[in-house]
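Novice: Just dropping this structure here.
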Amino acid sequence: MIKVMIVDDSAVVRSVISDILQREPDIKVIATAPDPVFALGKMNQQWPDVLILDIEMPRMDGLTFLRQIMSQRPTPTVICSTLTTEGAEITLQALRAGAVSIVAKPTAGLSDFLRSQDEDIVAVVRAAASANLSRLRSNAASAAATAAAPPKLTADAILEPPRNTPRLSQTTDRVIAIGTSTGGTQALEYLLPRLPPSVPGLVIVQHMPAQFTQSFARRLNDLSRIEVKEAASGDRVVTGRALIAPGGRHMLLKRNGAQYVVDVVDGPPVSRHRPSVDVLFRSVAKSAGANALGVIMTGMGDDGARGMKEMHDAGAPTVAQDEASCIVFGMPKEAIRHGGAAEVAALEDIPAMIVRYGHAN
């Protein structure tokens, strides 16, 4: 039985999500609370397996509460965040602080919206309950250390450094395709800053609501030596650039003469997701074949497993993140089970594998 606590100052949110979860035989809502101060008293009586947490609340904001919980007793936490630009920025901070996933909510039509997302809400809670607590502790400690220590500045703070960026006329000979979901924001924040500007172009699907991917791409761009941007149709896949699929739309790789470009398209959810890793990986298998590397990382469900098998069958080398380093060992496990993962590696080893692939003849 998965014990859940819902902390949100909206009575509507507490009621609707409780109703959705209580219908499931393996989930029990043990308590709800309108703010973190009230919640903490209840949690000390019975600690939940999963916490659903709003960000903007009275007496104590959700981000402060999350950091407190993660420093004392790391608990799988799902952030219930409003679909606003400001909400997106704060939610990304919550993910860096150790939250597992996001349940997005609009500012209007709340009840109907949440009920329409009932299957996704249940899936997110179940995935959170299976999260790797040792990785949550590690991520929380890393986030706390980063927050506590002032950055060591270089001359870059005053003068823009010389950039060894590729010319856009340069043809990209290889492509790195990455798919990830729950826990993927933390995994990508580990991976991308460790890649050099000489790395082949990357195309990435991270399951995330539409309003959050642009902020996430900007965050990764600030952290990395490579360029990271939210993808738009016609964007070139070039050395030293990573393109993040926009939330709510699919991204496909296409060959345009001697160049690789992406196409961002509408369409129904695939493998329950939009953007879908399966859609990206299949397009990479068709357009790049053995000229691409496929990487599947932490996430719930099986999105990407079939697409990675198609990449593998097309001659592409493929890598799945191992269980020990995943927050949720769902997508990589399914990719391995389907026979699509040629190698299994810890997150800490994947940057070097990508670099070696880029340098291989």
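Novice: Could you please state, rounded to a whole Å, how far the C-alpha centre of region 86-134 is from the C-alpha centre of region 1-17?
Specialist: 12 Å
Novice: In terms of Cα to Cα distance under 18 Å, which lysines are near enough to Lys333, apart from those fewer than 8 places away along the same chain?
Specialist: Lys309
Novice: Same structure again: Rounded to the nearest 0.05, what FRET efficiency do Ser71 and Phe113 give with R0 = 30 Å and r taken as the Cβ-Cβ distance? Could you check?
Specialist: The value I calculate is 0.40.
Novice: State the label only: which of (i) 158; (ii) 126; (iii) 136 corresponds to volume of the Cα convex hull per residue in Å³ computed from the shown model?
Specialist: (iii)
Novice: While we're on this one: Could you work out the relative contact order of the chain, using alpha carbon pairs under 8 angstrom and six or more residues apart, expressed as a whole percent? Walk me through the intermediate numbers first.
Specialist: Values: 797 pairs, mean separation 45.1, N = 361.
So the answer I get is 12 percent.
Novice: Taking 7 Å along the Cα-to-C-beta vector as the label spot, tell me the Ala290-Val37 distance in nanometres, rounded to one decimal.
Specialist: Placing both labels 7 Å along Cα→Cβ, they lie 6.6 nm apart.
Novice: In region 230-245, whose amide N lies under 13 Å from the spot 7 Å out along Cα-to-Cβ of Arg218? List them in ranges.
Specialist: 230
Novice: Sticking with this one: What is the distance in Å between the Cα centres of region 195-268 and region 286-331?
Specialist: 17 Å
Novice: In addition: Starting from the Cα of Lys28, step 7 Å along the direction of its Cβ; do the same at Trp47; then give the gap between the two resulting points in nm.
Specialist: It is 1.7 nm.
Novice: Assign one of three labels to region 220-361, namely rounded, prolate or oblate, based on the Cα gyration tensor with a ≥ b ≥ c the square roots of its eigenvalues; rounded applies when a/c is under 1.5, prolate when it is not and a/b is larger than b/c, and oblate otherwise. Working shown, then result.
Specialist: Details: a/c = 1.32, a/b = 1.16, b/c = 1.14.
Taking the square roots of the gyration eigenvalues as a ≥ b ≥ c, region 220-361 is rounded.
Novice: Only loop residues by DSSP count here, and only those with at most 13 other Cβ atoms within 10 Å; note down the GluC sites (Glu not before Pro) in region 189-236 that meet that.
Specialist: Those that pass, being in a loop and sparsely packed, number zero.
All of the numbers you see were taken from the coordinates with simple rules; none came from a lab. Just so it is clear, the model here is predicted, and its values are computed rather than measured. Here Cβ is always computed from backbone atoms with ideal geometry, including for glycine, and neighbour counts include all displayed protein chains.
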